[in-house]
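The values are calculated or read from the model by the stated rules, or taken from the named source; none is laboratory data. Just so it is clear, the model here is predicted, and its values are computed rather than measured. Here Cβ is always computed from backbone atoms with ideal geometry, including for glycine, and neighbour counts include all displayed protein chains. Just so you know, the surface numbers come from the protein's heavy atoms only, side chains and all, with ligands and any DNA or RNA stripped out. Shrake-Rupley method; radii C 1.70, N 1.55, O 1.52, S 1.80 Å.
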Amino acid sequence: MKRKISITNKAKESTNHLKKVFSFPEESKGNYFSTYAENVYVGGRKALTEGKFHDMFMAGDGHELEDYTDKNGVLHLAHAKSIYSSSMLAYNFFYWVSPESPLILNGTTYDKVYFEVKFPVLAKNSNGSRNNRPSNMDILLISDDCQTMFCIESKYTEHTHHQAAIFRDAYFKPSCYYKDNPYRTSFIKWALRYNEKKNGYFAGIKQNISHIIGITNILHDADALAWFKANNPFIESEVLAQINQNTEIIFTNLLYYCPEIGTDIYGDIHAEEKTYPYLLAEFLFDHLQNNLDEPLLLSRFITTYPELFAEIQSQMPNGLAEYLDNKYILTNHA
């Protein structure tokens, strides 16, 4: 009999571990801080509460910084207040990158960071109208010479849950894609392959497909590149002017796991229920590498927060590495 991994139990284990890390004020609600500023390292609070990063998150589509009421009248607290906020994990990790405090990664110097960056996915909706639904990249690092973009999709605990991949009809129609993207046939095959799969975190695979469509669009289609430049006002005009179809782009899935829970992120290959890192690796080896002629794009497809932390902690501002390790448990404290 094949052993079954309980993804749900792993999610509960991660969340319970996080609860132990924090001491919430009495007025906090459940797993939420009373303000999102409490979820951020002190050195990055001002830029998020009143600076340029605040505007980036407010322009995103994820209700990160504001409470909101849904169509059924149910109040939802801002995602950034949650102890397991993926966006705040990403923000705490990268907010400090700047010309005065650059990040050197794999020999490239990155001195600009942006959050919730929009990439054009489909050119048209299934009815032929113009499509304006972007994919939102959690983090975008741009090099000092503006020749390299490092695109990062951040996941905290959400990838330990089940969520189905649901594709809109437009993903199955060649006419809905940007015409100069050479990989349209592959995109349609992937959408058909993964549509409605749900025994795992397949929503993440769908998100990856959207991101890869968006990235390859701006690499190959002039109209898509123009859309990217017109719809990301927080990227400085002089930076946008240097981004073109020869820009080198790297894409990574940056996944959290707690070293104290275990280091086997891929799980048992014979298990009925596959972990998200396993699903990503399968997608990479079975589909991406066989169909995309973009070796640099896929050069660092899966990375974990503990791995990246070990790589860059010495470059972080004073006190930040200790804060991150104490808060998120990025090294084994056992």
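You can think of it this way: the chain between Leu192 and Glu236 has 12.1 nm of extra reach, that is 0.36 nm per residue less the Cα-Cα gap.
Put a plus charge on the Cβ of each Lys and Arg, a minus charge on the Cβ of each Asp and Glu, and nothing anywhere else: the dipole of the range 149-226 about its Cα centre is then about 320 debye.
In a simple Cβ point-charge model (Lys, Arg +1; Asp, Glu -1; nothing else charged), the chain has a dipole of about 1240 debye relative to its Cα centre. Ser175 sits with roughly 80 Å² accessible to a 1.4 Å probe, with DNA, RNA and ligands left out of the calculation. For the chain, the per residue solvent-accessible surface stands at 45 Å², with DNA, RNA and ligands left out and a 1.4 Å probe.
Calculated FRET efficiency, Gln313 to Asn72, Cβ-Cβ distance, R0 = 45 Å: about 0.55 to the nearest 0.05. Relative contact order of the range 203-330: 27 percent, from C-alpha pairs under 8 Å at least 6 residues apart in sequence.
Remark: the range 153-309 carries a charge dipole of roughly 560 debye about the Cα centre, counting +1 on each Lys and Arg Cβ and -1 on each Asp and Glu Cβ. Residues whose amide H falls under 5 Å from that of Ser98, counting only those 5 or more places apart or on a different chain, are Leu103, with hydrogens built in the peptide plane. Based on DSSP H segments of at least four residues, each scored -39500 (n - 2.57), the chain has a per-residue ellipticity at 222 nm of -9000 deg cm²/dmol.
Mean-square fluctuations from a GNM of the chain, with a 10 angstrom spring cutoff on Cα atoms, peak among Asn244, Asn290, Asn208 at Asn290. Extension gain for Asp180 to Ile166 (0.36 nm times residue separation, less C-alpha to C-alpha distance): 2.5 nm.
Any idea what log10 I(q)/I(0) is at q = 0.11, 0.13, 0.14, 0.16 Å⁻¹ for the range 88-247, Debye with uniform C-alpha scatterers and no solvent? For the range 88-247, the Cα-only Debye profile gives -0.48, -0.67, -0.76, -0.97. Please report how far the C-alpha centroid of the range 244-291 lies from that of the range 137-155, rounded to the nearest whole angstrom. The range 244-291 and the range 137-155 have Cα centres spaced 18 Å from each other. Phi angles of the range 140-154 translate, via the Karplus equation with coefficients 6.51, -1.76, 1.60 and θ = phi - 60°, into HN-Hα couplings of 10, 9, 10, 6, 5, 9, 6, 9, 10, 10, 10, 9, 10, 9, 9 Hz per residue; Gly and Pro are given as x. Comparing Val239, Val113, Val74 in a Gaussian network model of the chain (Cα springs below 10 Å), the most mobile by mean-square fluctuation is Val74. Dividing the mean sequence gap of close Cα pairs (under 8 Å, 6+ apart) by how many residues the range 55-161 holds gives a relative contact order of 21 percent. GNM on the chain, alpha-carbon springs under 10 angstrom: the most fluctuating residue among Thr304, Thr160, Thr69 is Thr69. Within the accessible surface of the chain, defined with a 1.4 Å probe on protein heavy atoms only, the carbon and sulfur portion equals 47 percent. Near the amide H of Lys112, within less than 5 Å, lie the amide hydrogens of Ile142, all on another chain or at least 5 residues away, with H placed in the peptide plane. By the Kirkwood approach, averaging reciprocal distances over each pair of separate Cα atoms, the chain gets a hydrodynamic radius of 20.8 Å. Dividing the mean sequence gap of close Cα pairs (under 8 Å, 6+ apart) by how many residues the chain holds gives a relative contact order of 18 percent.
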